[in-house]
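Engineer: This is the structure I want to talk about, given as structure tokens.
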Amino acid sequence: MMDLLDFEAKDLYFQQEDSQEVQDLIKFASELYAQGEAELPLLKAYLRAPESLNVLVALNRFYYYQHRLPEALIISEKALGLIRSGIDLPEDWRLLEMSHISDAPKQTLSRIRLYLFTLKSIGFLNMRLENLDLSRSIFEKLVAVDIKDRIGAKGLLELVLQRQQAIA
């Protein structure tokens, strides 16, 4: 069984080089964040590099910290598809099995971890948006494929279950 912490970090999204213009737009957005004007440069960066995980992560963080959870969810879902396209995982996360992880080439493990953390983010955002059934399904899937809980979905699953029981 492959351990999700036992790997050499390769193919990290933030190591991927964006154009200077995109890097400058992300930097400019960070400078404008306090004034609440970071969205426009981030969207410009996205239009110039829609496949950049650096841009998607920056947009996701912006929306999350602005408490714009529906927008953060859209960006997380876009990122999940982009991450998945670089590795051999099913298009639908519901079809993900432990064998997809354990049989994956070791050099793809960084990307698989990023995929699983992004899926966890989608589950978390759905939980915050009160989409508890979907959130529960995501966390159950993560717990099933990550028996050592390296991704940390077990505690979030427990929170969703408690919330569902409280409103039942």
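The values are calculated or read from the model by the stated rules, or taken from the named source; none is laboratory data. In this text, all values refer to a predicted model and were calculated from it rather than measured experimentally. FYI the Cβ positions are ideal-geometry reconstructions off the backbone, even for glycines, and counts take in every protein chain you see. In case anyone asks, the SASA skips ligands and DNA or RNA and just uses the protein heavy atoms, side chains included. Shrake-Rupley method; radii C 1.70, N 1.55, O 1.52, S 1.80 Å.
Engineer: What dipole magnitude, in Debye to the nearest 20, does the chain give about its Cα centre under +1 on Lys/Arg Cβ and -1 on Asp/Glu Cβ? Show your work: numbers first, answer last.
Structural biologist: On the way: 20 positive and 25 negative charges, 70 e Å.
It works out to roughly 340 debye.
Engineer: Could I ask something else about it? Accessible area per residue of the chain at 1.4 Å probe, in Å²?
Structural biologist: Values: 9290 Å² over 168 residues.
About 55 Å² of surface per residue is accessible.
Engineer: Oh, and also: Mind checking the stretch 120-151 for trypsin sites (Lys or Arg not before Pro) that DSSP puts in a loop (not H, G, I, E or B) and that have at most 12 other Cβ atoms within 10 Å?
Structural biologist: Working: sites: 120, 128, 136, 141, 148, 150; in loops: 148, 150.
Filter output for the stretch 120-151: 148.
Engineer: Say the dipole of the chain comes from +1 at the beta carbon of Lys and Arg and -1 at that of Asp and Glu; which of 46, 109, 69 then lies farthest toward its positive end?
Structural biologist: Looking along the dipole axis, the top candidate is 69.
Engineer: In Å, what is the Rg of the alpha-carbon atoms in the stretch 82-168, and how long is Dmax?
Structural biologist: Values for the stretch 82-168 (Cα only, Rg and Dmax): 13.2, 44 Å.
Engineer: What dipole magnitude, in Debye to the nearest 20, does the stretch 94-168 give about its Cα centre under +1 on Lys/Arg Cβ and -1 on Asp/Glu Cβ?
Structural biologist: The dipole of the stretch 94-168 has a size of about 240 debye.
Engineer: Something else: List the GluC sites (Glu not before Pro) within the stretch 23-88 that fall in a DSSP loop (any state other than H, G, I, E or B) and whose Cβ has at most 13 other Cβ atoms within 10 Å.
Structural biologist: Values: sites: 31, 37, 39, 51, 71, 77; in loops: 37, 51.
Within the stretch 23-88, the qualifying GluC sites (Glu not before Pro) (loop, at most 13 other Cβ atoms within 10 Å) are 37, 51.
Engineer: Still on this model: Nearest 20 debye, what's the magnitude of the dipole of the stretch 57-138 about its Cα centre given +1 on Lys and Arg Cβ and -1 on Asp and Glu Cβ? Intermediate results must be reported in sequence, preceding the final value.
Structural biologist: Details: 11 positive and 9 negative charges, 74 e Å.
Here the size comes out at about 360 debye.
Engineer: May I pose another question? Ignoring ligands, DNA and RNA, what percent of the accessible area of the stretch 38-168 is carbon or sulfur (1.4 Å)?
Structural biologist: Working: 3460 of 6550 Å².
Taking all protein chains in place, the stretch 38-168 shows 53 percent carbon and sulfur surface.
Engineer: Another question, then. When the Cα atoms of the chain are enclosed in a convex hull and the volume is divided per residue, what value in Å³ results?
Structural biologist: Values: hull volume 19.7 nm³, N = 168.
Per residue, the Cα convex hull of the chain comes to 117 Å³.
Engineer: Using the structure shown, list the pairs from 120/154; 78/154; 44/120; 27/78; 120/141 with a Cα-Cα distance above 19 Å, or answer none.
Structural biologist: Values: 120/154 10 Å; 78/154 24 Å; 44/120 27 Å; 27/78 22 Å; 120/141 10 Å.
78/154; 44/120; 27/78, as the Cα separations exceed 19 Å there.
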